[in-house]
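Written out below as structure tokens is the structure these notes cover.
The values are calculated or read from the model by the stated rules, or taken from the named source; none is laboratory data. All values derive from a computational prediction rather than experimental measurement. Every residue, glycine among them, receives a Cβ derived from its backbone with ideal geometry; neighbour counts consider all protein chains shown.
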Amino acid sequence: MPGQHFQTDIAIIGGGVGGCAAALAALESGAKVILTEETAWIGGQLTSQAVPPDEHGWIERFGRTASYARFRESVREHYRTHCPLRPEARAHPRLNPGNGWVSPLCHEPKVALVVLKAMLAPHRANGRLLVLTQHVPVAVEKDGTDRLAAVQLTATASGATVRITAAMFLDATELGDLLMLSATESVTGRESRDQTGEPNAADAPQPANCQAFSWCFALEYLDDADPVGPPPRDYDYWRNYRAPLTPPWPGPWLGWSGLNPRTMEPMTYRFAPHREKLGLFSGLWTFRRILDRDLFAPGAYTSDVVMVNWPMIDYLGGDLVTTPPEERGKLYADAKQLSLSVFHWLQTEAPNPDGGTGWPGLRLRPDILGTVDGLAMAPYIRESRRIRALTTIREQDVSAAHLPAGADRAREYEDSVGVGYYRIDLHPSCGGDNYLDVPSLPFQIPLGALIPVRMQNLLPACKNIGTTHITNGCYRLHPVEWNIGEAAGALAALCLRDSLTPRAVHADTDRRTHFQTLLRARGVELTWPEQHLDPAEGDPHAHVMHLAERPLKFQDANPATARNKSTQGK
């Protein structure tokens, strides 16, 4: 039976952070859009991957687009309007529902989903946006050698096929699948020093050496513990696993021994449900906490809710980017077994501060994640296939160590389409590399990094722009991916309206300037403020260093709902 066929102005394949931002920009520019997504939820890192936003220390004031700021404030407003916050928390202008120290806005994935759907809702209602979830791209059709004509997708639930024709196509998939299907010139894994000139590049190209991916999950801790279930299928394997990394990991993967990513010195992680104090590196319970029950009315919640995205769930057993899509299932299954094994270890064997082992009161929260097994709907992807672009951003363009002494910002680009900031943060890789976590400087997103060297009507819209393996480490975070997607969506709409190619916009100074004017009108910051940018203030965890700007902790004065201190730390 023939499948469905849809025609649109712009087809955005991939509904993650970049895909949603691209759709908003294109729709608000007057285009018709089809947005497809492999999972049941749009939102990617924010929702199906269950990763609270990783942001720089200036994010509340500048260094983000107006639409991203609107998303953030809508998340806060959702909690103020719909949740039983204490009055002090509701009134706090920088409400952080989870009070986690990894981000100034830790929140539940479902809330991000509600907000993103609401931002797109007017366009769905007027018929200019069609969203197809649980659809995977499987093939493309070309118009000549350098243009796409159509994308074919398969519905994961029914196996039905869908064909989408469009004037412009955006690849916002997590792994760069549209680049692969269209044979767009691209790069995977680590480049060599000869290729990029980067001081920290590899001696030889390593195309299958990418950062680990992780399968996150949400935890709560209850005093009235139910019996602990049987160990996962691969528990013995992961319990005895030693990571094949250089430099070596200081202990078993399932353990509290680790490395400080910034100094590579051995460290011991702390974990104590409901007992950790707020502060930098205060402990894993508060690290990515997405719901702090102390901020809500007494008795509203029986526990905090904590998102587990820790080093021990980083899966090093294979590279998703270069593995054919039909073979990724094995890697997915193995990564899930790792995460389930970490959970079982926490319940049964993890050393606790009181000298015992395990916390049997820990429970998974599948309802938080929209799944049955209690794990996130999709793995957290740190690295994608990347286009060969007109401009490739290299380590020496952004690294503080390789820019002039006293510089407070990275290389500046005349064709900037946005800004971002994060450290160059590379997790251990499936090729055996350990952390690379070094300072960068506040950077720009050059338009040339969004322009493929050959394809005329295909744009990257997330982590698949013209970065290297190394600079992907600071361009892959939530607000930067949003800015990339927003710029790509706005560019696609401009090309459609004026019958131009992206390369033609980039090549002509007047057209490029006009496009930048349109972006500024949208609230996209193209340059950093004319002030000294103190790296200490902009550090990704600066919000923890300045605790006066954080939500207060509120003590429960009602004995009937006070915590049972006799069970803390079980």
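Residue count for segment 363-421 under the criterion of being small (G, A, S), closer than 22 Å to N200 by Cβ and buried (at least 19 other Cβ atoms within 10 Å of the Cβ): the result is 5. Can you tell me which residue is modelled with the lowest pLDDT among those in segment 515-553 that are over 24 Å from the mean Cα position of the chain (by Cα) and among the polar types (S, T, N, Q)? Out of the qualifying residues, it is Q531. Considering L259, L222, L291, the condition of being farther than 18 Å from L340 by Cα, over 26 Å from the mean Cα position of the chain (by Cα) and among the hydrophobic types (A, V, I, L, M, F, W, C) is satisfied by L222 alone.
In the condition set (1) under 19 Å from the mean Cα position of the chain (by Cα); (2) part of a helix (DSSP H, G or I); (3) surrounded by fewer than 23 Cβ atoms within 10 Å (Cβ to Cβ), D425 is compliant with all but (2).
When the criteria are applied in full, P232 meets the requirement of being under 26 Å from G374 (Cβ atoms) and buried (at least 18 other Cβ atoms within 10 Å of the Cβ). Residues that are within 29 Å of S499 (Cβ to Cβ) and in a loop (DSSP other than H, G, I, E, B) within segment 124-170 comprise N126, G127, R128, D143, G144, T145, D146, R147, listed in sequence order. Scanning segment 110-138 for residues that are of a type in the set (G, A, S) and touching a residue at least 60 places away in the same chain (Cβ under 8 Å) yields a single hit, A112.
Across segment 445-461, the qualifying residues are those that are part of a loop (DSSP other than H, G, I, E, B) and of a type in the set (V, I, T), and the one among them that is surrounded by the fewest Cβ atoms within 10 Å (Cβ to Cβ) is V453. Report whether or not A378 is under 20 Å from E481 (Cβ atoms), more than 21 Å from the chain's Cα centre (by Cα) and either aliphatic (A, V, I, L, M) or part of a helix (DSSP H, G or I) (or both). Criteria not met by A378.
Do the conditions hold for T188, that is, is it under 24 Å from A50 (Cβ atoms), out of contact with any Leu (no Cβ under 6 Å at 6 or more places or on another chain), outside the structural domain of Y332 (by TED's automatic domain parsing) and modelled with pLDDT of 95 or more?
So T188 does not fit the description; no.
The rows are residues; the columns are (1) assigned to a loop (DSSP other than H, G, I, E, B); (2) in contact with a strand residue (DSSP E or B) (Cβ under 9 Å, 6 or more places away or on another chain); (3) surrounded by fewer than 20 Cβ atoms within 10 Å (Cβ to Cβ).
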site: G18; (1), (2), (3): no, yes, no
site: A21; (1), (2), (3): no, no, no
site: I34; (1), (2), (3): no, yes, no
site: A40; (1), (2), (3): yes, yes, yes
site: P53; (1), (2), (3): yes, no, no
site: F62; (1), (2), (3): yes, yes, yes
site: S74; (1), (2), (3): no, no, yes
site: R94; (1), (2), (3): yes, no, yes
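Restricting A139, A160 to residues that are surrounded by fewer than 18 Cβ atoms within 10 Å (Cβ to Cβ), under 27 Å from T322 (Cβ atoms), out of contact with any Asp or Glu (no Cβ under 8 Å at 6 or more places or on another chain) and aliphatic (A, V, I, L, M) narrows the list to A139. Consider P442 carefully, then state whether it is crowded, with 20+ Cβ neighbours inside 10 Å and either free of Cβ contacts under 8 Å to residues at least 60 places away in the same chain or among the basic types (K, R) (or both). When the stated conditions are applied, P442 does not pass them.
Just checking, does segment 321-344 include any residue being more than 18 Å from the chain's Cα centre (by Cα), outside any helix (DSSP H, G or I), in contact (Cβ under 8 Å) with a residue 24 or more places away in the chain and not assigned by TED's automatic domain parsing to the domain that holds A488? Yes, some residue in segment 321-344 is more than 18 Å from the chain's Cα centre (by Cα), outside any helix (DSSP H, G or I), in contact (Cβ under 8 Å) with a residue 24 or more places away in the chain and not assigned by TED's automatic domain parsing to the domain that holds A488. Looking only at segment 23-32, residues that are surrounded by fewer than 24 Cβ atoms within 10 Å (Cβ to Cβ) and either in a loop (DSSP other than H, G, I, E, B) or within 21 Å of the chain's Cα centre (by Cα) (or both) come to 3 in all. Selection over segment 96-113 of residues that are modelled with pLDDT under 95 and surrounded by fewer than 21 Cβ atoms within 10 Å (Cβ to Cβ) gives a count of 0.
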